[in-house]
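The values are calculated or read from the model by the stated rules, or taken from the named source; none is laboratory data. The model shown is predicted, which means the values in this text are computed figures rather than measured ones. Cβ coordinates were reconstructed from backbone atoms using ideal geometry, including for glycine residues, and neighbour counts include every protein chain displayed. Areas reflect the complete protein model, heavy atoms only, side chains present, ligands, DNA and RNA absent. Shrake-Rupley method; radii C 1.70, N 1.55, O 1.52, S 1.80 Å.
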Amino acid sequence: MKRRFKIIAWLAGVTVLGILIFQAYWVYNTYKTGERNFNTTVLNALYKAIDKYPLSVSKLPYGLQSKTPYLPLINVIHQSVNKSHAPKLYTKSGALITIKDSAQVYSGNSISILPVSSGNLLAAQQLVALLLTEQAGKPIELDTLTRLFKKELQEKGIDLPFKLVLLKAGQQPASGQITSNIPFTRDNQVVAVKLNNTFQYLIAQNIGPAIVSLLLIILSGGSLIYMGLIINRQMQLDGLKNDFINNITHELRTPIAILKSSSESLLKFGDLTDTGKTIRHLNINLDILDKLDKNVDRILDITRYEHGIKSINYELIHIDQLIENIIGRFSIRDELTVHYHSELTNKLVSTDAYIIDTVISNLMDNAIKYSEEPANIQVITSNLAGNGWQIQVIDNGIGISANNIPYIFDKFYRVGSGNLHNVKGYGLGLSYVKQLVTSLNGSISAKSKLGAGTEFIIKFPDNE
């Protein structure tokens with residue numbers, strides 16, 4: 001079973017690791033794709049800003065601003081031009097400008113008037129502005145270019161702080177920096193974009209896929225971890241079951257052997273004729289059967305308290321008298337020393353006397369069983385800081401390891417080595433104690449250290 005669990009745990013670990021690697025790669029790839037798309041969008045916005053720059057800084061001829069736009073060309077044309085051979089102008093970006101439909105190009109001695117259609121007006125204006133900007137040869141106005149670039153970015157939904165920088169001749173841009181040539185400058189200058197908070201922007205843009213991926217990782221990992229915990233718990237329960245079967249077999253074998261030997265003695269060895277021996281054997285049998293009956297009742301009581309079948313009998317009792325009576329029953333043992341100390345301001349408490357008796361008796365019985373030397377037990381009652389009171393049972397026994405402390409109140413759980421235990425029992429004592437304490441709305445905890453004894457702390461609320 002353990003080997004199978006290790007194989008399952010190993011496979012689950014490999015699966016979780018594979019999911020983590022795949023999801024991490026998917027998130028990274030999504031981020032890099034978003035980064036490339038973002039850079040392309042910014043670069044296109046820069047191209048458009050550069051294309052619009054000449055139109056923003058140049059003063060266009062009157063003809064391109066009139067209601068019937070035209071281009072005055074200095075030229076000498078003496079013949080008619082066929083419509084199909086009408087002049088065509090192209091911008092540097094490849095935009096085609098066709099002359100307004102006309103069978104003739106009006107000509108004079110040195111100037112030709114070329115009508116421009118409304119569909120080609122913007123391209124014609126940009127072309128003329130480009131030519132005028134090239135001819136003027138003025139330095140680039142970064143404020144104007146910045147304004148145009150910012151407008152283009154805003155139209156694309158990007159609102160990040162940035163700075164445009166003109167690179168000097170021979171200056172190389174930083175790695176990954178977005179740059180573009182400015183074609184209408186004499187020395188073909190390069191403008192670079194310095195964007196701030198790019199990483200935060202890209203994360204915000206990809207937060208949806210990242211969250212989905214994170215949820216898938218958490219759900220997948222959590223499911224596998226939960227499955228592992230369930231399997232481990234099932235293995236523990238299986239071990240507890242086998243341990244309980246072995247323990248109860250050993251525990252039942254002893255009384256059965258005593259009953260068998262006692263009965264055989266009466267039947268086969270003529271002890272029936274001896275009244276004294278007969279009474280002694282019968283008393284032994286009754287004592288054994290009484291112990292078995294009590295163990296069966298204890299198992300049944302656990303089930304009853306778990307299902308709320310057994311009622312609680314609250315009554316006002318003198319706690320000191322009750323505990324002293326319990327200690328009195330144990331004081332006949334020579335190997336036991338019990339000290340009781342009460343710090344309660346009010347000795348009368350409302351509780352179930354039978355349950356308190358059973359709880360303290362079980363804890364003291366355990367303290368005696370698990371002591372390698374004469375048992376020394378302290379019982380202390382005191383008030384809680386808020387409302388309520390508590391009982392502390394402290395012994396000098398062999399102690400409990402930190403690994404076993406969380407499980408000592410589990411049903412059938414016993415601290416031991418394998419299927420063999422030096423102390424007799426079914427593993428029901430502390431589970432039964434916890435069930436009884438819980439039925440009184442109380443809580444029980446334990447503090448222990450190997451070789452230094454154990455302390456049980458039982459807390460109860462005040463019951464008016």
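Filtering the range 416-435 down to residues that are under 33 Å from the mean Cα position of the chain (by Cα) and either among the aliphatic types (A, V, I, L, M) or open to solvent by less than 70 Å² (accessible area, probe 1.4 Å) (or both), which residue is modelled with the highest pLDDT? Result: 435.
Looking across the range 114-169, the residues that are aliphatic (A, V, I, L, M) and in contact with a Pro (Cβ under 6 Å, 6 or more places away or on another chain) come down to 116, 121, 129, 130. With respect to residue 438, is the statement that it is at pLDDT 85 or above, among the polar types (S, T, N, Q) and in a helix (DSSP H, G or I) true? Judged against the criteria, residue 438 is a match. Contact map, the range 359-388: first residue under 28 Å from residue 462 (Cα atoms) and open to solvent by less than 20 Å² (accessible area, probe 1.4 Å), second residue among the acidic types (Asp, Glu) and at pLDDT below 85, Cβ cut-off under 7 Å, separation 6 or more or different chains; pairs are 388/462. Residue 233 fulfils the conditions (1) in a loop (DSSP other than H, G, I, E, B); (2) open to solvent by 60 Å² or more (accessible area, probe 1.4 Å); (3) out of contact with any strand residue (DSSP E or B) (no Cβ under 8 Å at 6 or more places or on another chain) except for a single criterion, (1). In the range 255-265, the condition of being at pLDDT 75 or above, out of contact with any Ser or Thr (no Cβ under 6 Å at 6 or more places or on another chain) and open to solvent by 90 Å² or more (accessible area, probe 1.4 Å) is met by at least one residue.
Here the range 1-12 is the region considered, the condition is being assigned to a helix (DSSP H, G or I) and touching a residue at least 60 places away in the same chain (Cβ under 8 Å), and the residue that is surrounded by the most Cβ atoms within 10 Å (Cβ to Cβ) is 12. Among the numbered conditions (1) part of a helix (DSSP H, G or I); (2) open to solvent by less than 40 Å² (accessible area, probe 1.4 Å); (3) modelled with pLDDT of 85 or more, the only one that residue 325 does not meet is (2). In summary, residue 187 fulfils each of the numbered conditions (1) touching a residue at least 12 places away in the same chain (Cβ under 8 Å); (2) at positive phi with the single exception of condition (2). Across the range 153-170, the number of residues qualifying as within 38 Å of the chain's Cα centre (by Cα) and part of a strand (DSSP E or B) comes to 1. Taking the listed residues 332, 312, the one that is at pLDDT below 80, in a loop (DSSP other than H, G, I, E, B) and farther than 14 Å from residue 436 by Cβ is 332, with no other qualifying.
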